[in-house]
Amino acid sequence: MYLESRGEARDFARVRNTCFEQARQAYLVGNKALAKELSMKGQAYNVQMKAAHEIYLT
């Protein structure tokens with residue numbers, strides 16, 4: 001359970017970071033709608049990462 005929860009949290013963090021980086025790139029080229037969409041996805045993955053991390057702590 002420990003390693004599974006940690007791995008899951010780490011996976012969510014990687015996907016979150018990718019979304020935020022892609023959002024930054026979209027914003028820099030002027031595609032603000034895509035930037036917002038990707039940012040919102042990143043925020044959702046952040047919530048999932050925190051939930052997986054909480055499981056690890058319990």
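Taken together, the values in this text are just the output of simple stated rules run on the coordinates, not laboratory data. Computed from a predicted structure; not experimentally measured. Neighbour counts run over all protein chains shown; Cβ positions are idealised from the backbone, glycine included.
Given +1 on the Cβ of Lys and Arg, -1 on the Cβ of Asp and Glu, and no further charges, what dipole in debye does the chain carry about its Cα centre, rounded to the nearest 20?
Working: 9 positive and 6 negative charges, 50 e Å.
It works out to roughly 240 debye.
Take the alpha carbon atoms of segment 2-57, find their radius of gyration, then divide it by 2.2 N^0.38 Å using N residues; give the quotient.
Details: Rg = 12.9 Å, N = 56, 2.2 N^0.38 = 10.2 Å.
For segment 2-57, the normalised Cα radius of gyration is 1.27.
For the chain, take the longest principal axis of its alpha carbons; what is the angle in degrees between that and the long axis of helix 2-28, to the nearest 10 within 0 to 90?
10
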